[in-house]
Amino acid sequence: MITGVTGQDGSYLAKLLLDKGYTVLGAARRSASVNLWRLDYLGIRDKVKLVPMELLEFTNICRVIQDNKPDEFYNLAAQSFVAASFEMPLYTADADAIAVARILEAIRHYSPETRFYQASTSEMFGKVQEVPQIESTPFYPRSPYGVAKLYGHWITVNYRESFGLHASSGILFNHESPLRGLEFVTRKITAGLANVKHGHRSHIELGNMDAKRDWGFAGDFVEGMWRMLQQDTSGDYVLSTNETHTVRKFVELAASALDMNIEWSGEGVDEVGTDTKTGKQVVTINPQFYRPAEVDLLIGNSEKAQTVLGWKRQMSFEGLVESMAKADNDRAVDSSVKN
Ligand code: NAP
Ligand code: GDD
């Protein structure tokens with residue numbers, strides 16, 4: 001069972017499990033029209049059995065777990081956009097923190113043999129206390145999202161230690177793909193620049209260009225989630241690429257993959273990126289996209305996952321940016337393609 005099956009990671013994980021011969025129950029929240037474009041993109045829409053599940057509704061979660069008693073339960077559903085968490089901190093706490101306790105309680109009572117995976121995050125390191133970040137690095141979250149996820153992480157550890165559940169927490173650094181939501185900076189850049197290239201818009205507006213992230217490919221990361229649940233004992237694992245790059249660098253590589261060449265001028269809010277091939281200003285700064293508190297630098301060290309799980313990322317940073325830019329170029333050419 002996968003919560004958040006309609007999201008980026010949920011859809012890649014569903015594909016991975018189906019390819020391994022699993023029966024996949026996709027827990028999706030009720031909606032007049034469930035958002036299935038990613039399952040369509042991966043060609044698995046008809047292979048995933050959708051089960052209605054709302055993170056905020058305890059009775060619903062209990063019934064679904066009692067009825068299905070899944071062998072493995074991957075909790076990927078969340079309000080996952082950091083910027084939005086500053087606008088809706090209470091909803092974020094309910095969906096990203098308390099919901100984890102709801103699920104663990106339901107598993108403890110109705111299906112204690114179920115192996116549980118919690119989608120924890122490098123955002124919990126926030127204002128980083130050491131470089132690079134590993135499993136034992138002290139946490140210092142910098143957003144309501146990071147704070148909520150920290151509760152989700154610790155309640156997972158607590159249910160493992162208190163009740164002996166097979167409950168693992170994956171502390172995942174940023175991972176992206178052509179299926180990434182458009183509000184996250186990577187997809188905003190690749191989709192935005194592809195649309196600039198094809199004349200659908202004049203430019204894109206970004207916030208903090210100096211932020212550094214450890215960006216990997218989502219398809220590689222879901223493999224690590226699965227490996228955690230195949231261990232005899234549960235635990236906590238960092239998954240990362242062990243490299244970090246600025247948002248600015250991401251823009252440069254995405255532009256290059258789209259046959260543009262960005263030259264920077266100005267500083268701070270006056271910084272501008274010009275495409276030297278057309279002479280047009282294609283990137284400007286809008287302070288609206290700055291955050292009340294920023295995570296300036298993330299870089300992980302996934303040595304534990306490499307040693308214990310035998311996990312290693314396959315796709316390079318450059319390959320990731322290129323694949324996202326090319327997918328968005330195709331979408332910009334064929335505007336009938338969804339997302
Ligand atoms: P995503 O694309 O935003 O997907 C989030 C999923 O959660 C969607 O399927 C969404 O359903 C569902 N959801 C949201 N609120 C819900 C609710 N109240 N009840 C039921 N379902 C709800 O996120 P992602 O990038 O795949 O990330 C997966 C998980 O990993 C998240 O928990 C995220 O916080 C965590 N994480 C992500 C990264 C990353 O870099 N991607 C890194 C570390 C941790 P709808 O389709 O209906 O909106
Ligand atoms: N979204 C966005 N939009 N971010 C921008 C922009 C912009 O216009 N301009 C600069 N940024 C900067 C943000 O300030 C941040 O420092 C960085 O780009 C990455 O932002 P996001 O792509 O929104 O991701 P995130 O790092 O905040 O959060 C993602 O990764 C976490 C793991 O570290 C999400 O996937 C979280 O769910 C995940 O836990």
Can you name the number of the only condition in (1) in the same structural domain as residue 122 (by TED's automatic domain parsing); (2) outside any helix (DSSP H, G or I); (3) away from ligand 1 (no atom under 16 Å from the Cβ) that residue 306 fails? (2)
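Taking the condition in the same structural domain as residue 6 (by TED's automatic domain parsing), of a type in the set (A, V, I, L, M, F, W, C) and closer than 20 Å to residue 218 by Cα, does residue 82 pass?
Values: in the same structural domain as residue 6 (by TED's automatic domain parsing): yes; of a type in the set (A, V, I, L, M, F, W, C): yes; closer than 20 Å to residue 218 by Cα: yes.
It is true that residue 82 is in the same structural domain as residue 6 (by TED's automatic domain parsing), of a type in the set (A, V, I, L, M, F, W, C) and closer than 20 Å to residue 218 by Cα.
Starting from residues that are among the basic types (Lys, Arg) and either modelled with pLDDT under 95 or within 22 Å of the chain's Cα centre (by Cα) (or both), keep the ones in the stretch 186-204 and report whichever is surrounded by the fewest Cβ atoms within 10 Å (Cβ to Cβ).
First pass over the stretch 186-204, keeping only residues among the basic types (Lys, Arg): 187-188, 197, 201.
Remaining after also requiring either modelled with pLDDT under 95 or within 22 Å of the chain's Cα centre (by Cα) (or both): 187-188.
Working: 187: 21, 188: 18.
That would be 188.
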Might you let me know whether the stretch 50-60 holds any residue that is modelled with pLDDT of 95 or more, within 22 Å of residue 220 (Cα to Cα), in contact with a Lys or Arg (Cβ under 7 Å, 6 or more places away or on another chain) and not in a helix (DSSP H, G or I)? no
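So, of the residues in the stretch 10-22 that are out of contact with any strand residue (DSSP E or B) (no Cβ under 7 Å at 6 or more places or on another chain) and under 12 Å from residue 42 (Cα atoms), which turns out to be surrounded by the most Cβ atoms within 10 Å (Cβ to Cβ)? Write out each step before concluding.
First, pick out the residues of the stretch 10-22 that are out of contact with any strand residue (DSSP E or B) (no Cβ under 7 Å at 6 or more places or on another chain): 11-12, 15-22.
Checking the rest, the ones that are also under 12 Å from residue 42 (Cα atoms) come to 11-12, 15-16, 18-19.
Details: 11: 29, 12: 25, 15: 21, 16: 17, 18: 16, 19: 9.
Taking the candidates together, the pick is 11.
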Determine whether the stretch 207-219 contains at least one residue that is closer than 21 Å to residue 320 by Cβ and assigned to a helix (DSSP H, G or I). yes
In this structure, is residue 135 of a type in the set (Asp, Glu) and either away from ligand 1 (no atom under 15 Å from the Cβ) or in a helix (DSSP H, G or I) (or both)? no
Within the stretch 95-130, how many residues turn out to be away from ligand 2 (no atom under 15 Å from the Cβ) and surrounded by fewer than 16 Cβ atoms within 10 Å (Cβ to Cβ)? 5
Go through (1) in contact with a Leu (Cβ under 6 Å, 6 or more places away or on another chain); (2) more than 10 Å from ligand 1 (Cβ to nearest atom) for residue 111 and report which single condition fails. (1)
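Of all residues in the stretch 133-185 being among the hydroxyl-bearing types (Ser, Thr, Tyr) and farther than 21 Å from residue 108 by Cβ, which is surrounded by the most Cβ atoms within 10 Å (Cβ to Cβ)?
Within the stretch 133-185, the first condition is being among the hydroxyl-bearing types (Ser, Thr, Tyr), and the residues that meet it are 136-137, 140, 143, 145, 151, 156, 159, 162, 168-169, 177.
Filter once more, keeping what is farther than 21 Å from residue 108 by Cβ: 136-137, 140, 143, 145, 177.
On the way: 136: 9, 137: 19, 140: 14, 143: 23, 145: 28, 177: 24.
Once the filter is applied, the top-ranked residue is 145.
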Every residue from the stretch 65-87 that is within 11 Å of ligand 1 (Cβ to nearest atom) and over 16 Å from residue 10 (Cα atoms): 82, 84, 85
Enumerate the pairs (first residue in the stretch 196-210 and more than 9 Å from ligand 2 (Cβ to nearest atom); second residue anywhere and at pLDDT below 95) with beta-carbon separation below 8 Å, excluding pairs fewer than 6 apart on the same chain, so at least 6 apart or on different chains. 198/333; 200/335
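Hey, could you check the stretch 43-61 for residues that are within 13 Å of ligand 1 (Cβ to nearest atom) and out of contact with any strand residue (DSSP E or B) (no Cβ under 8 Å at 6 or more places or on another chain) and say which is nearest to residue 179 (Cα to Cα)?
Only one residue fits best here, namely 54.
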Looking for something at pLDDT 95 or above and closer than 25 Å to residue 142 by Cβ - is there at least one such residue anywhere in the stretch 254-267? yes
May I ask you to say which residue of 333, 283 is among the aliphatic types (A, V, I, L, M) and surrounded by fewer than 20 Cβ atoms within 10 Å (Cβ to Cβ)? 333
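The values are calculated or read from the model by the stated rules, or taken from the named source; none is laboratory data. All values derive from a computational prediction rather than experimental measurement. So basically every Cβ, Gly included, is an ideal-geometry build from the backbone, and we count neighbours across all protein chains shown.
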